[in-house]
Amino acid sequence: MSQEVFERVRNMCADVFQVPPAQLRPESSPENLEAWDSVQHLNLVLALEQEFGVPFDPEDMDQMKSVGAIAALVGRKLSS
């Protein structure tokens with residue numbers, strides 16, 4: 001996962017979840033981020049699709065369990 005992709009994903013997560021980007025770590029997840037519920041998860045997926053121009057399948061959404069996992073998934077989609 002590139003640092004640039006991680007920073008972009010982290011900033012988008014911060015916007016969607018209404019938290020400062022500095023509060024988000026690769027291991028930030030719905031378990032430790034109160035604002036991360038199913039509705040906000042969907043909002044994040046839609047924002048990521050628009051920002052990066054890549055589609056996400058339902059299987060992809062199941063893998064999006066943390067900020068780091070999302071950044072890694074986006075990185076893989078961008079390089080394929």
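The values are calculated or read from the model by the stated rules, or taken from the named source; none is laboratory data. Just so it is clear, the model here is predicted, and its values are computed rather than measured. Using ideal geometry, Cβ is built from the backbone for each residue, glycine included, and neighbour counts are taken over all protein chains shown. Ligands, DNA and RNA are stripped out before the accessible areas are found, and what is left, the full protein with its side chains, is counted by its heavy atoms. Shrake-Rupley method; radii C 1.70, N 1.55, O 1.52, S 1.80 Å.
At what distance in nm do the modelled label points of N32 and K65 sit from each other, each positioned 7 Å from its Cα along Cα→Cβ? Going from the N32 label point to the K65 one covers 1.4 nm.
Taking Cα atoms only, the orientation of helix 38-52 departs from the longest principal axis of the chain by about 40 degrees. Per residue, the chain exposes an accessible area of 58 Å² to a 1.4 Å probe, with every protein chain left in place. Sequentially through the range 70-80, phi angles give Karplus couplings (6.51, -1.76, 1.60; θ = phi - 60°) of 5, 4, 5, 5, 4, x, 5, 5, 5, 8, 9 Hz, Gly and Pro residues having no value and appearing as x. Accessible surface of D15, taken over heavy atoms with a 1.4 Å probe and every protein chain present, rounds to 110 Å². Quick check for you: which residues of the range 1-26 have the amide N under 14 Å from the point 7 Å beyond the Cα of E51 toward its beta carbon? Zone members listed by number: 2-26. Estimated from helical segments only, the mean residue ellipticity of the chain at 222 nm is -19000 deg cm²/dmol, where each DSSP H run of four or more residues counts as -39500 (n - 2.57).
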